[in-house]
Amino acid sequence: MSLIDLVSEKVVKIPLQSNDKPDVLRELVQILKDAGEIADYDTVLKAVQDREDKLSTGLQAGIAVPHAKTSAVSSLKLALGIAPQGIDFDSMDGLPTKLFFLLIASPDRSGPHVEALAEIAKLARSQAFCNALVNARSAGEVVELIQGD
Amino acid sequence: MSSLIRKIMVYIDGTEQSVTAAQYAICLAAATGADLFACYVVNTRAVEDLLKARIFLADEQLEYEHDMEADAERYLNYVNELGLKKGVPVTKIQSKGSVHKEIIDAINANDVDLLVIGEVSHIRSRRDEFYDEAERAMRSAACSVLIVKDADRVWEMYESLG
């Protein structure tokens, strides 16, 4: 399961409206709810918050990868939120986070989850690509960038 | 002329495409009399990379590896059942590590002459980062590779197999 199979305009939001970490998590899960990808908003949000409580998924260079496993989904779900202004997400380097990749997986489908996370980790190494995503003007442009078209 | 195909190996990764590939491989094994292997690789390399990138916690690494091993067993058992229903024995191969390397090793170790894989993504990125493990195995395998498409047709073919 590749990232480009998961991304579509309906699961991309730019710019995010949130100003702090708890709101970002709620807004990301809401993207999935609005896109019809999940039915049980509360269960998914709790799974994400529980994981985040253990250690922030805010990485370096403005990227965060909140993720969780929950039986509230039957297949892997992705939401991508972009906050060009940056939001404090308790990141490793202390810098504001601009790209948020939310991944929600079913407990019995760990393989695709790991592969998607690994793909995001590879993406995060390309500062130029991340800058292009942050500077995108629309969800459509974000999807085009990820699909490489 | 020697047998056209003697040993077939289908790569299973838990996707619907790989299950379709397994159905096709079973049909092919039934038609040719070839031995059939089903290979699932637990991608511990990716899990280790996620730990290094600090996306995973140490206990998450163990939890995911455990889950993935359970996935592997479940899917291999499922493919085995698919084969048994059609009278085709399936030899299960479960390994862990870097996926494309493990696939190549399994091909070489079992003298496989045809690798069967599921359909790769419809949309491929130009970015090097986006190639997937099955595609890497496809490019690296010394044997012939068959990419299975059209799940509906394959299902009909599998169902009609005696």
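The values are calculated or read from the model by the stated rules, or taken from the named source; none is laboratory data. This structure is a prediction, so every number in the text was calculated from the model and none was measured. Please note: Cβ atoms are built from the backbone with ideal geometry, for glycine as well, and neighbour counts cover all protein chains shown. Just the protein is used for accessible areas: all its heavy atoms, side chains included, with ligands, DNA and RNA removed. Shrake-Rupley method; radii C 1.70, N 1.55, O 1.52, S 1.80 Å.
Suppose every K and R has +1 on its Cβ and every D and E has -1 on its Cβ; what is the size of the dipole of segment A:35-149 about the Cα centre, in Debye to the nearest 20?
Working: 10 positive and 15 negative charges, 33 e Å.
Rounded to the nearest 20 debye, it is 160 debye.
Of the options A:Ile38, B:Gln23, B:Leu50, report the single residue whose Cα projects farthest towards the positive end of the charge dipole of the protein assembly as shown (beta-carbon charges: Lys, Arg +1; Asp, Glu -1).
Of the options given, the answer is B:Gln23.
For chain A, how big is Rg over Rh, using alpha carbon atoms and the Kirkwood form of Rh? Kindly include the intermediate steps, with their values, before the conclusion.
On the way: Rg = 13.8 Å, Rh = 15.0 Å.
Result: Rg/Rh = 0.92.
Enter the accessible area of A:Ser138 (Å², nearest 10), with the probe set to 1.4 Å and all protein chains included.
A:Ser138 exposes around 50 Å² with every protein chain in place.
Tally the DSSP beta bridges in the protein assembly as shown and give the antiparallel ones as a percent, rounded to 5. Don't skip to the end; give the middle numbers.
Values: 8 of 36 bridges.
Taking every DSSP beta bridge with both residues in the protein assembly as shown, the antiparallel ones total about 20 percent.
What number, in percent, do you get for the relative contact order of chain A if the mean sequence gap of Cα pairs under 8 Å and at least 6 apart is divided by its residue count? Please list the in-between numbers first.
Values: 272 pairs, mean separation 42.3, N = 149.
Computed value for chain A: 28 percent relative contact order.
Can you work out the PRE-style zone for A:Arg137? Point 7 Å along Cα to Cβ, and I want the residues of segment A:1-40 with backbone N under 16 Å.
Zone members listed by number: A:14-15.
Which whole-number value in Å² is the accessible area per residue of segment A:1-124, probe 1.4 Å? Numbers along the way, then the final one.
Details: 4540 Å² over 124 residues.
Value returned for segment A:1-124: 37 Å² of accessible area per residue.
Taking the full set of protein chains and a 1.4 angstrom probe, give the accessible area of B:His66 in square angstrom, rounded to the nearest 10.
Approximately 130 Å² of B:His66 is accessible to the 1.4 Å probe.
At 0.36 nm per residue, minus the direct Cα-Cα distance, what do B:Lys86 and B:Ala109 gain on full extension? Give it in nm, one decimal, please. Please report the intermediate quantities before stating the final value.
Details: separation 23, 0.36 × 23 = 8.28 nm, distance 2.62 nm.
Residue separation times 0.36 nm, minus the Cα-Cα distance, leaves 5.7 nm.
Which value, in Å² and to the nearest 10, is the accessible area of B:Leu4 when all protein chains are kept and the probe is 1.4 Å?
Only protein atoms counted, so the area is about 140 Å².
Suppose R0 equals 45 Å. What FRET efficiency, 1/(1 + (r/R0)^6) with r the Cβ-Cβ distance, do B:Arg74 and A:Leu95 give to the nearest 0.05?
Working: r = 41 Å, r/R0 = 0.92.
Efficiency, rounded to the nearest 0.05: 0.60.
Just counting partner chain Cβ atoms within 10 Å, what average do the residues of peptide B:45-56 show around their Cβ? Kindly include the intermediate steps, with their values, before the conclusion.
Details: counts 2, 9, 4, 1, 5, 7, 0, 1, 12, 9, 16, 7.
Per residue, the average neighbour count from other chains is 6.
Let me have the relative contact order for chain B, percent, based on Cα pairs under 8 Å that are six or more residues apart. Intermediate results must be reported in sequence, preceding the final value.
Working: 265 pairs, mean separation 52.5, N = 162.
Computed over chain B, the figure is 32 percent.
Each label point is 7 Å from the Cα along the Cα-to-Cβ direction; what then is the distance between the points at B:Met157 and A:Asp108, in nm?
2.8 nm
Obtain the nm distance between the two label points defined at B:Ala31 and A:Asp50 by a simple spin-label model: each point lies 7 Å from its Cα along the Cα-to-C-beta direction.
According to this spin-label approximation, the distance is 4.8 nm.
Could you check what % of the DSSP bridge pairs in segment A:1-110 are antiparallel, to the nearest 5? Present the calculation step by step, with values, prior to reporting the outcome.
Details: 8 of 15 bridges.
Given both bridge residues lie in segment A:1-110, the antiparallel proportion sits at roughly 55 percent.
Under 5 Å between amide H atoms, partner at least 5 residues away or on a different chain: which partners does B:Glu119 have, H built in plane at 1.01 Å?
Residues meeting the amide H criterion: B:Val148.
Determine the total buried accessible area between chain A and chain B, counting protein heavy atoms only with a 1.4 Å probe; round to the nearest 100 Å². Don't skip to the answer; put the middle values down first.
Details: alone 7220 and 9490 Å², together 13910 Å².
When A and B are taken together, about 2800 Å² of accessible area is lost.
What is the mean number of Cβ atoms from other protein chains located within 10 Å of the Cβ atom of each residue in peptide A:63-70, rounded to a whole number? Don't skip to the end; give the middle numbers.
On the way: counts 2, 1, 5, 1, 4, 0, 4, 0.
The mean count of partner-chain Cβ atoms within 10 Å per residue comes to 2.
According to the square roots a ≥ b ≥ c of the eigenvalues of the Cα gyration tensor, what is the shape class of segment B:2-43, taking rounded for a/c under 1.5, prolate for a/b larger than b/c otherwise, and oblate for the remainder?
oblate
Once all Cα-Cα distances of segment A:1-65 are split into 10 Å bins that start at 0, what whole-number percent is in each one?
18, 50, 32, 0
Please report, as a whole percent, how much of the solvent-accessible surface of the protein assembly as shown comes from carbon and sulfur atoms (probe radius 1.4 Å).
On the way: 6510 of 13910 Å².
After summing per-atom areas, the C and S share lands at 47 percent.
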